[in-house]
Amino acid sequence: MITETTTAADTMTVEELRTQTRLLAGELPGTLRRITLKAGGISVDVEWETAPATAPAPTPAAALATAPAGAQPAPAPPAAAPADPDRPAGLVQVTAPLVGTFYQASSPGGEPFVQVGDIVEPGHQLAIIEAMKLLNSITADVRGRVHAVHPQDGEVVEYAQPLFDLVPVD
């Protein structure tokens, strides 16, 4: 005999989960790449594409995906820094791809992934954003010098909030 304990969240039907996921997908930036749904314990895992060199890198998803029919993502907002005389020409701004807690190192008190003045390559890890107990790597999209780090370690960041300013280098 198998006994199951269910919570109110576990009683959500698959159709209700799909409906809520479609609504979420319609609010995402860029092109939707993958959505994973899990009915037991309710879990939604989302991955989307962003425009190269002007938007944050997509976060990797850990599970196999099934995309619901009819998901229409919203267009991605521009991520380039606004014109400012104090900013170097060609500045690329890395923004938060999701809401969560910003960490500059892989562990408390650890060496930061990058510091102002460091040269980074595309794919180089800049930080981590923790959201719902998942660690999401924030990576560079361009080769550049770190010009500024905006949030403090452990600070909660919002979607599209500036995280880093990179000055492209050849």
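All of the numbers you see were taken from the coordinates with simple rules; none came from a lab. Predicted model only: the values in this text are computed from it and were never measured. Here Cβ is always computed from backbone atoms with ideal geometry, including for glycine, and neighbour counts include all displayed protein chains.
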Self-check item: Projected label distance in nm at Asp153 and Val99, using a 7 Å step from Cα toward the beta-carbon
Solution: 2.6 nm
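Give, as a single signed number, the net charge of other residues whose beta carbon lies under 12 Å from the beta carbon of Ser106, with Lys and Arg counted +1 and Asp and Glu -1.
Cβ neighbours under 12 Å give a net charge of -3.
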Quiz item: Expressed in nm to one decimal, what extension gain is obtained for the pair Arg145 and Arg87 from 0.36 nm per residue of sequence separation less their Cα-Cα distance?
Solution: 19.6 nm
Self-check item: Distance in nm between pseudo-label sites at Asp118 and Leu134 (7 Å out along the Cβ direction from Cα)
Solution: 2.4 nm
